[in-house]
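First up is the structure itself, then whatever we jot down about it.
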Amino acid sequence: MFKKFFKFLYGYVIIKVYGKGAERFINICLRRNIDVWNIKPFDDGIEMCIYIKDFFHIRQVRKKSNVKIKISQRRGIKHLMRLYRKRYLFLIGFALCIIFFAVSAQFIWVVEINGVENSDINGIISTLDSIGIKSGALKAKLPDGMESKAAIINNNDHIAWAWVYIEGAKARVEIYEQIIPPNILDKDTPCDIVAACDGIINHMVVKNGEEVLNDGDAVKTGDVIVSGKVATYKEGYPEEYIYVHSMADIMAYTTHSKNGDYKLYYESRVLTGKNRYMVSLEVFGKMFSLPLGKMNFEEYDVNETRHEICIPFFGYTGIAFDAVKYTEVNVNKEPISIETAVEFAKNDLEEKISNELLYGSTLTDEKVEYEKIDNETINVKLEMDFIQNIATSQPISADTEGEEILDKQTD
């Protein structure tokens, strides 16, 4: 940012270099310590920026490289002063604005957090506050990137990576959350096999551990089906046990049901072309409402946009407009039959139930029931039966003094 400011202060020109020796022109400039930057090729030559003080020393370079040079634009304080030399009030106001934004740009006024879906957003905000990243914070006193990253990751769960980008008066915090893997236990860890959901056991294939339940038994979520605590004593002798890593496939009949209210019509929304706007002005983190019209639509769609004011060299100024556009719509209701409404509801409820299923589930039966609530609404209930492998591992803790932890897999 400051490099751009000083370039603007010193003054520079944007030139276009024509001819076959354009590349040679650049090389000679660099050898003679003449700064050129923002080099961009175009159809007939190369465009670049050069300081005004250096521009007057490139005549020999131009002759040596046999090129033509044309000034495209002039930039800098001196150029502005010459351009507006009779507009003193404008120049004074412009200077005061530059000073104001230069001072305000030394502070953070807005903290924007992106990428948070499952993590605790309040915990992240609290962490940022504790390390000084908040509205009104002086940028010179902010922690460095690695310190901020370590604080966010260490003080919040399920965050794989984080970084704080300073963009003018805004701190943009990018968060990447962890993909939480399934709980898979090491084979040396003693565990029970428990039920992942309610059901009735169809058949079991126990590879390791001691059966607690049998085929045909009903189970609740969390019930132990195969125990990792295996007896090794004989009748008449003191009790002795070993703890093993239980392994089993538990196929069970399970039932899942969902219900909801659904309408007996199809709703379509047609735009009328009428709009209303509500605008809010955000100044250094404070919101001020600027209503531009009265919102009196009965039915409408909403579209929100944000416009941040940025100026060269300083970036985001801390001032933004939040515009909410309300578009009026006419809602048309087209009646549909009960059978069609039930079919729509069934598809929706099936999707909800599918989110609860275990991997490899097999559908065996389904039943749909509905009840009419009023002339426009029905309640639909969907019940689906499956055969699922409901086995899941749960570690067991035990006082293993004098007992053996068996880590050998048995068939």
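The values are calculated or read from the model by the stated rules, or taken from the named source; none is laboratory data. As the structure is a computational prediction, the values presented were derived from the model and not from experiment. Positions of Cβ are backbone-derived with ideal geometry, glycine not excepted, and every protein chain shown enters the neighbour counts. For the accessible areas, the whole protein counts, side chains as well, though only heavy atoms, and no ligand, DNA or RNA atoms are used. Shrake-Rupley method; radii C 1.70, N 1.55, O 1.52, S 1.80 Å.
What are the pairs, 6+ residues apart or on separate chains, where a residue within segment 220-236 that is among the charged types (D, E, K, R) has its Cβ under 8 Å from a residue that is part of a loop (DSSP other than H, G, I, E, B) and modelled with pLDDT under 90?
Close Cβ pairs (under 8 Å, with a partner that is part of a loop (DSSP other than H, G, I, E, B) and modelled with pLDDT under 90) amount to Lys229/Ile396; Lys229/Ala398.
Of the conditions (1) in a helix (DSSP H, G or I); (2) loosely packed, with under 13 Cβ neighbours inside 10 Å; (3) over 40 Å from the mean Cα position of the chain (by Cα); (4) in contact (Cβ under 8 Å) with a residue 12 or more places away in the chain, Arg24 fails just one. Which one is it?
Going through (1) in a helix (DSSP H, G or I); (2) loosely packed, with under 13 Cβ neighbours inside 10 Å; (3) over 40 Å from the mean Cα position of the chain (by Cα); (4) in contact (Cβ under 8 Å) with a residue 12 or more places away in the chain one by one, Arg24 breaks only (2).
Within segment 169-186, is there a residue that is farther than 30 Å from Lys229 by Cβ, touching a helix residue (DSSP H, G or I) at 6+ places or on another chain (Cβ under 9 Å), open to solvent by less than 50 Å² (accessible area, probe 1.4 Å) and not small (Gly, Ala, Ser)?
Step one: filter segment 169-186 for residues farther than 30 Å from Lys229 by Cβ, giving 169-179.
Now drop any that are not touching a helix residue (DSSP H, G or I) at 6+ places or on another chain (Cβ under 9 Å), which leaves 169, 171, 173, 175.
Next, from what is left, pick out any that are open to solvent by less than 50 Å² (accessible area, probe 1.4 Å): 169, 171, 173, 175.
Now drop any that are not not small (Gly, Ala, Ser), which leaves 173, 175.
Yes, segment 169-186 contains at least one residue that is farther than 30 Å from Lys229 by Cβ, touching a helix residue (DSSP H, G or I) at 6+ places or on another chain (Cβ under 9 Å), open to solvent by less than 50 Å² (accessible area, probe 1.4 Å) and not small (Gly, Ala, Ser).
Report yes if some residue within segment 336-359 is at negative phi and part of a strand (DSSP E or B); otherwise report no.
First, the residues of segment 336-359 that are at negative phi: 336-359.
Filter once more, keeping what is part of a strand (DSSP E or B): none.
Within segment 336-359, not a single residue is at negative phi and part of a strand (DSSP E or B).
For segment 27-43, what are the residues that are part of a helix (DSSP H, G or I) and open to solvent by 100 Å² or more (accessible area, probe 1.4 Å)? Please lay out each step first, then the result.
Residues of segment 27-43 part of a helix (DSSP H, G or I): 27-31.
Result: Arg31, single match.
Just checking, how many residues over segment 334-350 are charged (D, E, K, R), open to solvent by 70 Å² or more (accessible area, probe 1.4 Å) and modelled with pLDDT of 90 or more? Show your work before the answer.
Residues of segment 334-350 that are charged (D, E, K, R), as a first pass: 334, 339, 343, 346, 348, 350.
Retained after the next criterion (residues that are open to solvent by 70 Å² or more (accessible area, probe 1.4 Å)): 334, 339, 343.
After this cut, where a residue has to be modelled with pLDDT of 90 or more as well, the list is 339, 343.
Qualifying residue count, segment 334-350: 2.
Any chance segment 245-262 includes a residue that's at pLDDT 90 or above, touching a Ser or Thr at 6+ places or on another chain (Cβ under 8 Å) and small (Gly, Ala, Ser)?
Within segment 245-262, one or more residues are at pLDDT 90 or above, touching a Ser or Thr at 6+ places or on another chain (Cβ under 8 Å) and small (Gly, Ala, Ser).
For segment 48-162, please list each of the helices (runs of 4 or more DSSP H) lying entirely inside it that holds at least 2 residues being loosely packed, with under 15 Cβ neighbours inside 10 Å. I'd like the intermediate steps shown before the answer.
Values: elements: 52-55, 59-65, 77-83, 88-104, 121-130, 145-154.
Qualifying helices (runs of 4 or more DSSP H): 59-65, 77-83, 88-104, 121-130, 145-154.
Limited to segment 35-74, what total is found for residues that are at pLDDT below 85 and either under 16 Å from Tyr12 (Cβ atoms) or of a type in the set (A, V, I, L, M) (or both)?
Looking only at segment 35-74, we keep the residues that are at pLDDT below 85, and these are 42-44, 56-57.
Then drop every residue that is not either under 16 Å from Tyr12 (Cβ atoms) or of a type in the set (A, V, I, L, M) (or both), which leaves 56-57.
Of the residues in segment 35-74, 2 are at pLDDT below 85 and either under 16 Å from Tyr12 (Cβ atoms) or of a type in the set (A, V, I, L, M) (or both).
Considering each residue of segment 12-25, count those that are touching a helix residue (DSSP H, G or I) at 6+ places or on another chain (Cβ under 9 Å) and within 24 Å of Arg75 (Cα to Cα), and give that number.
Residues flagged as touching a helix residue (DSSP H, G or I) at 6+ places or on another chain (Cβ under 9 Å) and within 24 Å of Arg75 (Cα to Cα) within segment 12-25 amount to 7.
Restricting to segment 224-255, what's the tally of residues that are more than 15 Å from Gln388 (Cβ to Cβ), open to solvent by less than 60 Å² (accessible area, probe 1.4 Å) and not hydrophobic (A, V, I, L, M, F, W, C)?
Residues that pass the stated criteria total 6.
Could you look through segment 1-21, keep only residues that are in a helix (DSSP H, G or I) and touching a strand residue (DSSP E or B) at 6+ places or on another chain (Cβ under 8 Å), and pick out the one that is least open to solvent (accessible area, probe 1.4 Å)? Please lay out each step first, then the result.
First pass over segment 1-21, keeping only residues in a helix (DSSP H, G or I): 2-10.
Narrowing further to those that are touching a strand residue (DSSP E or B) at 6+ places or on another chain (Cβ under 8 Å): 7-8, 10.
Numbers: Lys7: 53, Phe8: 37, Tyr10: 133 Å².
Looking at the filtered set, the residue picked out is Phe8.
Anything in segment 362-389 that is free of Cβ contacts under 8 Å to residues at least 24 places away in the same chain and not in a strand (DSSP E or B)? List them, or say none.
Asp374
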